[in-house]
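The values are calculated or read from the model by the stated rules, or taken from the named source; none is laboratory data. On a predicted model such as this, the values are computed, not experimentally measured, just so you know. Ideal geometry is used to build each Cβ from the backbone, glycine not excepted, and the neighbour counts take in all protein chains shown.
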Amino acid sequence: MPTEIFTPFMFIADDARRWGPWRLDPSSYELVLRTRDERYAVPLLGCTSSSAVLDWLMHCVSSGWGDVPHAASGLLVAFDDLLAPQQTLCNDARTGEAGTTLTDRAVAARIDLLVAGLDRSKLIDPRASRLT
């Protein structure tokens, strides 16, 4: 029986496709937030650069989504779990190395592997992969 874990992001071990109010729709490669009246979706296939990820985070904070408890923090943790942006998109401030980008194909491959149950540590480093 899985152990339930509480964090500020409301991660529940029983549902690995959930980050606070966000749910992964693996068929459309979207993170979806539903309220009583609205459905908001972040298309992960477009999140191929650090600026695209940051834009979605800022949009979440500055829009009505930010009123949903844990919307911004849940989105941040979902991006970290699904895209590993520190390793795949961000530059290295210590060396001055420029940030990289992912392709939609590489994003889809990461999500497909995660949905299949593989550990994130087994994902290919996009800097050394032909998927990027």
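Annotations for the structure displayed:
- Among the residues making up region 105-120, those that are at pLDDT 70 or above and outside any loop (DSSP other than H, G, I, E, B) are Arg105, Ala106, Val107, Ala108, Ala109, Arg110, Ile111, Asp112, Leu113, Leu114, Val115.
- Options Leu123, Leu82, Leu75: the member that is of a type outside the set (S, T, N, Q), at pLDDT 70 or above, closer than 25 Å to Arg23 by Cα and out of contact with any Phe, Trp or Tyr (no Cβ under 8 Å at 6 or more places or on another chain): Leu82
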